Structure formats: structure tokens, C-alpha cells
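The values are calculated or read from the model by the stated rules, or taken from the named source; none is laboratory data. Since we're looking at a predicted model, the values are computed, not measured. We place every Cβ from the backbone using ideal geometry, glycine too, and count neighbours over all the protein chains shown.
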Amino acid sequence: MSLRPSMNWLLVLVPVAALLDRAGAAAPLVFFVAALAIVPLASLIVQSTEQVAERTGPAVGGLLNATFGNLPELIIAVVALRAGLVDMVRASLIGAILANVLLALGVAFILGGRRHHVLDFNPAGARTYASMLMLAVITLAMPAAFHRFLGAPQPALSRPVDLGTSLVLLATYVCYLVYMIWTHPDLFAAGKDSGHAGHGGAQWSAARALGTLLAASAGAAWMSEVLVGAAEATGHALGMSPVFLGMVLLAVIGGAAESGSAIAMGRQDKADLAVGIAMGSSIQIALFVTPVLVLLSGIIAPIPLGLAFSRLEVGTLLLGTLIVVTTANDGRATWFKGIQLLAVYLIIAGALYWMPVVAP
């Protein structure tokens with residue numbers, strides 16, 4: 001570890017969180033210490049995945065980033081599913097999408113626009129990202145409407161719809177990877193900015209990259225157990241609903257590393273990379289992480305995860321996607337566009353904080 005200030009310094013909170021959990025400390029203290037401990041672990045997962053991807057070429061590298069880029073969110077969601085917190089997981093999936101396209105991209109545009117006046121990026125790639133996000137909204141809204149039509153839960157009818165939708169989403173995501181990596185990579189080529197979304201510095205050895213990836217993943221799983229174990233008690237102690245915990249806190253914590261990367265790229269005038277990281281991560285969550293969790297939940301969870309998103313969740317996802325489509329379709333961004341995105345996110349977060357438990 002370098003003596004310069006670094007996010008890796010937060011790794012000391014990993015044993016602290018474990019000790020607080022075993023000592024029976026107050027749930028909010030355990031929750032927030034574990035949350036801070038997950039941030040550097042998530043960053044190490046992203047860094048090590050990038051190092052591994054540099055050795056595999058663009059095709060396999062893209063698949064690795066698809067698999068591991070959202071691993072922290074996936075780990076937190078799996079742990080929460082095993083604990084039976086299905087509603088919180090559903091909320092965290094929507095919240096992770098919104099945190100990427102509104103919070104992270106908004107801050108990236110603000111910082112980049114203040115330093116460089118106007119940020120230019122590839123409009124063709126941004127429109128493709130936007131259309132995929134709209135596809136995700138429509139696809140997730142249909143089974144949610146089906147669940148509401150049924151009224152009372154009827155697993156015999158709703159589970160086949162959830163499974164079928166998940167398989168379609170996964171197939172669409174595979175086609176999206178093929179389109180982006182093999183058949184039409186030119187549409188996603190960066191304009192004036194070049195380089196990779198890496199963190200700079202020396203290249204790691206293969207053993208270090210794989211070892212770091214495995215160790216950070218294990219650490220993230222461990223801290224996720226602690227975090228989720230304290231989540232419900234934290235919500236009760238601080239007056240937070242499970243929807244707010246999932247859509248805001250867990251979503252921001254799980255996506256902290258990728259959000260930080262998007263913000264850093266925007267600040268460096270690498271708008272194509274900022275847009276690709278933020279919107280691409282949201283697409284991964286909607287079309288890859290969500291269906292994988294639906295399929296896994298039938299095996300690992302006491303209650304299978306369904307796509308019965310509430311009107312609130314579907315509505316905020318639709319409105320968040322619409323504002324992103326509106327602001328990103330011309331291939332130019334300024335600090336004021338970032339303010340618009342951030343304002344929408346803060347309004348949604350504020351409404352969720354003061355809202356009581358929301359019925360689906």
C-alpha cells in the first residue's frame with residue numbers, strides 16, 4: 001500500500017466491521033463500516049478485471065467485464081436473497097441503474113464540463129446505450145404489469161413469465177455483446193479521447209491480477225454478509241424503508257467503484273469512456289445481473305425473486321431513462337446537463353427517504 005492517500009486505506013475497515021458485528025455493536029454502525037469496507041474491495045475487483053482483460057483481447061475482455069464489472073452488486077444481491085430480502089433486492093437493482101445513469105454520469109458531466117466547457121462523445125454509441133436502456137424498461141415493466149394483473153401471488157402462473165423474460169433478457173444481452181465487440185465496434189469508437197478506462201500505473205502480473213480478483217471477491221462476499229445482516233435493523237433504527245435502503249444505499253455502495261471510474265473519466269475529458277462505463281453498467285444490471293438473479297433465486301433463496309417491480313420502481317426507472325436519453329442523444333455534454341441528471345436523482349432519493357413502506 002502506498003503512503004499517499006488512497007482508497008485502499010479503507011481496507012483496514014474490513015476486520016473492524018467483522019469485529020463490530022461479532023461484538024454486537026449497534027446495527028447502523030456495523031452497516032456503515034461494512035459499507036465503507038466494500039468500496040475498496042469493489043475497486044480492486046474492477047482493477048483486477050481490467051488487468052486480466054488486457055491479456056485476453058477485446059472479445060474475452062468484454063465478456064470478463066460483463067461478468068465481473070458488476071460483481072459487487074451481484075454479491076450483495078445474492079447474500080440478500082439468501083436472507084429472504086426479496087423486496088430490497090428488487091429495489092437495489094432499479095437503484096443501481098439510476099445511480100449509474102443519473103448520479104455517476106451527472107457528477108461526471110458537472111466536473112468535466114466545469115474543466116473543459118463542453119464534453120464531446122460518440123452520439124451513435126450513446127443512442128445505442130439509450131435504446132438498450134429503454135428496452136430494459138419496457139421488458140421489466142411487462143412482467144410487473146402481469147403480476148399486478150394477477151393480484152394475489154400465483155407462483156404457478158407468474159414464475160414461468162419471470163423465467164421466460166429472464167431468458168429473453170440474457171439472449172438479448174449476448175446479442176448486444178456480439179454487436180458491440182464483433183460486428184459493429186466502430187459505432188462505439190471514441191472520438192477525441194483515447195486510451196482505456198484503466199487506472200494507469202504498471203501492469204500487474206497474471207498471478208497478481210487473478211489472486212487480487214479472488215481475494216477481493218471473497219472479501220466483498222464476507223462484508224456483504226455483514227452489511228445485509230445489519231440492513232433491516234439499520235432501516236428501523238434510522239427510519240428508512242427497505243425501498244430506500246435498496247434503491248439508494250445498497251445501490252450506491254455496490255456501484256461505488258464503477259461510479260468513481262465514470263466520474264474520473266468525465267473529469268479527464270474522456271466523455272466516451274464516462275458514458276460507456278455509466279450506461280454500459282446499467283445495461284449489464286438490467287439485462288445480465290437481474291435475469292441471473294431471477295434464475296439463481298429458485299435455488300439459493302427461500303423465496304424466488306420475481307419481476308414484480310412496484311409502480312414506483314418502474315416509474316422512476318422510466319423517468320430516469322427518459323432524462324438520460326434526452327440529454328445524451330446529441331453527443332455533447334455540459335456541466336448544466338450534469339446538474340439536470342443529478343437533480344432528478346436527488347429528487348427521487350429524497351422522495352424515497354421520506355416515503356413509508358410502499359406497497360407494490
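Surrounded by fewer than 19 Cβ atoms within 10 Å (Cβ to Cβ), hydroxyl-bearing (Ser, Thr, Tyr) and over 22 Å from Val252 (Cβ atoms), is that true of Ser131? Taking the combined requirement at face value, the residue satisfies it.
Of the residues in region 277-297, not one is hydrophobic (A, V, I, L, M, F, W, C) and touching a strand residue (DSSP E or B) at 6+ places or on another chain (Cβ under 7 Å). Scanning region 141-173 for residues that are at pLDDT below 90 and either under 30 Å from Lys270 (Cα atoms) or touching a His at 6+ places or on another chain (Cβ under 7 Å) (or both) yields a single hit, Ser158. Restricting Leu119, Leu102 to those that are farther than 28 Å from Leu74 by Cβ and buried (at least 24 other Cβ atoms within 10 Å of the Cβ) reduces the list to Leu119.
crowded, with 17+ Cβ neighbours inside 10 Å and not acidic (Asp, Glu), is that true of Ile181? So Ile181 passes the test. Residues in region 328-345 that are within 13 Å of Arg127 (Cα to Cα) and out of contact with any Phe, Trp or Tyr (no Cβ under 8 Å at 6 or more places or on another chain): Asn329, Asp330.
Annotation: Val252 fulfils all but one of (1) farther than 30 Å from Leu157 by Cβ; (2) more than 20 Å from the chain's Cα centre (by Cα); the unmet one is (2).
Being in a helix (DSSP H, G or I) and either more than 11 Å from Ile300 (Cβ to Cβ) or among the basic types (Lys, Arg) (or both) is the filter here, so list the residues in region 81-96 that pass it. Matches in region 81-96: Arg82, Val86, Asp87, Met88, Val89, Arg90, Ala91, Ser92, Leu93, Ile94, Gly95, Ala96.
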